[in-house]
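Shown next, in structure tokens, is the structure this report addresses.
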Amino acid sequence: MNAATIRLFQRAVHFWLLGYLITALPASEWLWDVPVSPPLPVPGPLGYLMNAFGTWLPGGLALPVVGALMLFAASGLFRPQPMWMTFLSWVFFTSLVQRAWLASCGGLLLMNNVLFWMIFLRGGSSTGPRSLLAELAFWAIRLQLIFTYSITGLHKLTGTSWLDGTAVGIVSSDPLFGPLWLAQLPVLSTVITWALLVFQFTLPIAVWFRGTKLPFMVFGALFHLGTALWMGIPEMAFAFIACYTIWLDEGEVDALRLRTLSRSV
């Protein structure tokens, strides 16, 4: 765990959060203001935080909450947030997702967990309990990402279309997704199907080794960008890509910063 990686990760998450909220604003009436999703039951005491609009927060305040969350995310791009702000960011975001749960996806659920652990994630030189909590949060976020891939892969094994190589061909033949030309190339779609299945099981191993980590992340980023382009779920795609940054080490973060600066000169 190092300060450079944590700060890059925080910025990536805040950038994702700001982008998601801005792009979701045109549908804010159906998502948050007068949501089409029926209310979910409150799952015990924690539900008062995770489902604020169903308990202590009036539904008419949904849009002001979105505005506050956007301000929090924007401020997080420039400086680390205090703990109270990261706590409110998690409460507000989780409650918005609960309010519009019919429009939810894996990326939003991933960010629910990530934002919770970010309450305790700090890149400074704190000691004692705060340092232990920061270490726990750092590893919890890392493990959350690889567990998500592993569990998704295991779920795919319960069906038949991923095992027989037809999954990508079936999806690409749907006019809502595509690309339609891929459905006409069964051999290629089969290879892609099996490659994605192998990727989901091997990335949780590859990220632990310096020689395989970056190539697998590049492949994963391309895969997620493909789902953003053809399946129409950019919020999920960029959520995973943003979380990749938690697996970069200090040298990789510095190299990325130098490349960014050289391109801007």
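The values are calculated or read from the model by the stated rules, or taken from the named source; none is laboratory data. No experiment lies behind these values; they were computed from the predicted model shown. Neighbour counts run over all protein chains shown; Cβ positions are idealised from the backbone, glycine included. For accessibility, only protein heavy atoms count, side chains too; no ligands or nucleic acids. Shrake-Rupley method; radii C 1.70, N 1.55, O 1.52, S 1.80 Å.
Has the range 251-265 got any residue that is within 15 Å of the chain's Cα centre (by Cα), under 21 Å from Trp16 (Cβ atoms) and in a helix (DSSP H, G or I)? Break it down into steps so the answer makes sense when it comes.
Filtering the range 251-265 down to residues within 15 Å of the chain's Cα centre (by Cα) leaves none.
No: the range 251-265 contains no residue that is within 15 Å of the chain's Cα centre (by Cα), under 21 Å from Trp16 (Cβ atoms) and in a helix (DSSP H, G or I).
For the range 51-69, indicate whether the set of residues that are at pLDDT 95 or above and either outside any helix (DSSP H, G or I) or under 23 Å from Ile141 (Cβ atoms) (or both) is non-empty. Scanning the range 51-69 turns up at least one residue that is at pLDDT 95 or above and either outside any helix (DSSP H, G or I) or under 23 Å from Ile141 (Cβ atoms) (or both). If you check Leu108, Leu182, Leu143 for being part of a helix (DSSP H, G or I), open to solvent by less than 20 Å² (accessible area, probe 1.4 Å), over 30 Å from Val34 (Cβ atoms) and not small (Gly, Ala, Ser), only one passes: Leu182. Restricting attention to the range 146-173, the residues that are in a helix (DSSP H, G or I), open to solvent by 20 Å² or more (accessible area, probe 1.4 Å) and not hydrophobic (A, V, I, L, M, F, W, C) total 5.
Contact map, the range 154-174: residues that are free of Cβ contacts under 8 Å to residues at least 40 places away in the same chain paired with residues that are open to solvent by less than 70 Å² (accessible area, probe 1.4 Å) and part of a loop (DSSP other than H, G, I, E, B), Cβ distance under 7 Å, separation 6+ or inter-chain. Pairs shown: Ala167/Ser161; Ile170/Ser161. Candidates are the residues of the range 242-260 that are aliphatic (A, V, I, L, M) and surrounded by 18 or more Cβ atoms within 10 Å (Cβ to Cβ); the one that is modelled with the lowest pLDDT is Val253.
Give the residue, chosen from Thr5, Thr23, that is within 21 Å of the chain's Cα centre (by Cα) and either surrounded by fewer than 16 Cβ atoms within 10 Å (Cβ to Cβ) or assigned to a loop (DSSP other than H, G, I, E, B) (or both). I'd like the intermediate steps shown before the answer.
On the way: Thr5 fails: either surrounded by fewer than 16 Cβ atoms within 10 Å (Cβ to Cβ) or assigned to a loop (DSSP other than H, G, I, E, B) (or both).
Thr23 is the lone residue from the list that is within 21 Å of the chain's Cα centre (by Cα) and either surrounded by fewer than 16 Cβ atoms within 10 Å (Cβ to Cβ) or assigned to a loop (DSSP other than H, G, I, E, B) (or both).
Which residues, counting only those in the range 80-101, are outside any helix (DSSP H, G or I) and under 13 Å from Phe120 (Cα atoms)? Passing the criteria: Pro80, Gln81, Pro82.
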